[in-house]
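The values are calculated or read from the model by the stated rules, or taken from the named source; none is laboratory data. Computed from a prediction, not measured in an experiment: that's the story for all the values here. Heads up, the Cβs are rebuilt from the backbone with ideal geometry, glycines too, and the neighbour counts pull from every protein chain shown.
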Amino acid sequence: MTVASPPSTPPPSTTLPATNGVAASPHRPVIIRTELLRKVYRTGFWLKAAPPSLKHCSLDIYKGETFGLLGPNGAGKTTLLKLLLGIIRPTAGGATLMGQPAGDGQTKAKIGYLPENPYFYDYLTGWEFLSYTAGLFGIKGSAQKRQITYLLDLVQLDVRSAKKKQMRRYSKGMLQRVGMAQALMNDPEIVFLDEPMSGLDPTGRYQVREIILSLKAQGKTLFFNSHVLSDVEMICDRIAILDQGEIVCIGAIKELLGNPDYYKVKGHGGSLDVLDTWLKNISFRDGYWYGTMHGDPFEFMSTMRLMKAQIAKLEVAKPTLEEFFMEQIQQRRSIAAIEQERLARSKAGKKRWGRGGAIAQ
Ligand SMILES: Nc1ncnc2c1ncn2[C@@H]1O[C@H](COP(=O)(O)OP(=O)(O)OP(=O)(O)O)[C@@H](O)[C@H]1O
Ligand SMILES: [Mg+2]
């Protein structure tokens, strides 16, 4: 599967190094940059400020990179995407795309966007809708026909049914494919995809993955939000995890998951009390105990020898992206909870002091 125009830059041959999101890559230019980006929505009749949906977000994305933004529901992923596209304005901070401020008219012509919940005109056929999109980019006549036919083929939609069938009769998967086709209409340099796998069956997900990989091979820059971590793991050069509007971590997947810091252990014998101090998730099966060990394996083995336990297996366990994701979110939340408790205690302390002061006067 290939896309319309030949790549302007050669496909990436190596994984990008992890960065903290602000350091420049020695190999590629920065194509998307956000600096201390912040968004506070104002809602209701009195335009009351909601808690910030995005806080001091600083991020660099490099040309040709496939970047995945992960995060739980409500983390601020769509908000960040909309800020980059200039659909909404930041409360503070700024963003640039190809060196131009987000929302710049000329830059918009070079980007593609698949929204999270695209709205389609029910009574148009897929072809008519794509023809309308092509018109917006000034693609007309035979060039338009060629481009639509090509894109329908790319997203695996039948040309004949795209011409006949109104979109209200399309399945969720078909609509997602039309959405993908419209996002690629202008042969964009940067493609933003908000949950491109959402609502697709395994075949559909596979096809979207293939399309993304083919765009990646052309050197296009891809920025996408996703909850499907297994797909992200397969496709992305780098990821960032966003939680409650804050970037929790950012880097190349390999480097984030890289250093295994725990071991899967199987053994028998020994004292349960001692095992309990070393192992997490202990379970028993066929006369063996199983568990995960976080710590120095040599120290663990000598403790086991001392208590005459036998180790049948000790293997390095590399966390999956899903495990890593859960760990990061839980860690961040427990730190936030401790911080909140500390603040509440110090507020309560100040109040007591205040009351004491008033009595003394
Ligand atoms: N137009 C809006 N007005 C007010 N609040 C909004 C608006 N859009 C988003 N929010 C709030 O901002 C926060 C982040 O929402 P956002 O849609 O960016 O999250 P998300 O990470 O994309 O979530 P999901 O994974 O469910 O798509 C949420 O608390 C949401 O309620
Ligand atoms: Mg979203």
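Computed values, structure above
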read-out: Residue within segment 311-332 that is over 37 Å from the mean Cα position of the chain (by Cα), among the hydrophobic types (A, V, I, L, M, F, W, C) and at pLDDT 85 or above present; value: yes
read-out: Residue within segment 226-237 that is within 16 Å of ligand 2 (Cβ to nearest atom), in the same structural domain as Lys63 (by TED's automatic domain parsing) and on the phi > 0 side of the Ramachandran plot present; value: no
read-out: Qualifying positions in segment 37-56 - within 13 Å of Ala95 (Cα to Cα) and either at pLDDT below 95 or of a type in the set (S, T, N, Q) (or both); value: His56
read-out: Residue count for segment 276-308, restricted to those that are part of a loop (DSSP other than H, G, I, E, B) and either exposed (fewer than 14 other Cβ atoms within 10 Å of the Cβ) or more than 33 Å from the chain's Cα centre (by Cα) (or both); value: 6
read-out: Criterion violated by Ile311 - all others in (1) more than 30 Å from Leu69 (Cα to Cα); (2) assigned to a helix (DSSP H, G or I); (3) touching a helix residue (DSSP H, G or I) at 6+ places or on another chain (Cβ under 8 Å); (4) of a type outside the set (S, T, N, Q) satisfied; value: (2)
read-out: Candidate set: segment 151-169, residues that are buried (at least 16 other Cβ atoms within 10 Å of the Cβ) and part of a helix (DSSP H, G or I); chosen: the one nearest to ligand 2 (Cβ to nearest atom); value: Met167
read-out: Yes/no for Leu59 being in contact (Cβ under 8 Å) with a residue 24 or more places away in the chain, closer than 23 Å to Gln331 by Cα, of a type in the set (A, V, I, L, M, F, W, C) and within 16 Å of ligand 2 (Cβ to nearest atom); value: no
read-out: Residue among Gly199, Gly179, Gly126, Gly138 that is of a type in the set (Gly, Ala, Ser), within 16 Å of ligand 2 (Cβ to nearest atom) and modelled with pLDDT of 90 or more; value: Gly179
read-out: Residue within segment 170-190 that is without any contact (Cβ under 8 Å) to a residue 60 or more places away in the chain, of a type in the set (Ser, Thr, Tyr) and assigned to a loop (DSSP other than H, G, I, E, B) present; value: yes
read-out: Residue among Leu175, Leu157, Leu200, Leu213 that alone is touching a strand residue (DSSP E or B) at 6+ places or on another chain (Cβ under 9 Å) and in the same structural domain as Gln147 (by TED's automatic domain parsing); value: Leu213
read-out: Test result for Met234, surrounded by fewer than 19 Cβ atoms within 10 Å (Cβ to Cβ) and part of a helix (DSSP H, G or I); value: yes
read-out: Test: Gly71 is modelled with pLDDT under 95 and crowded, with 22+ Cβ neighbours inside 10 Å; value: yes
read-out: Only one of Asp276, Asp286, Asp243, Asp194 that is more than 27 Å from Leu136 (Cβ to Cβ) and within 16 Å of ligand 2 (Cβ to nearest atom); value: Asp243
read-out: From Leu80, Leu85, Leu97, residue being within 16 Å of ligand 2 (Cβ to nearest atom) and either acidic (Asp, Glu) or farther than 15 Å from Val40 by Cβ (or both); value: Leu85
read-out: Conditions (1) of a type outside the set (A, V, I, L, M, F, W, C); (2) touching a Gly at 6+ places or on another chain (Cβ under 9 Å); (3) part of a loop (DSSP other than H, G, I, E, B): number failed by Thr79; value: (3)
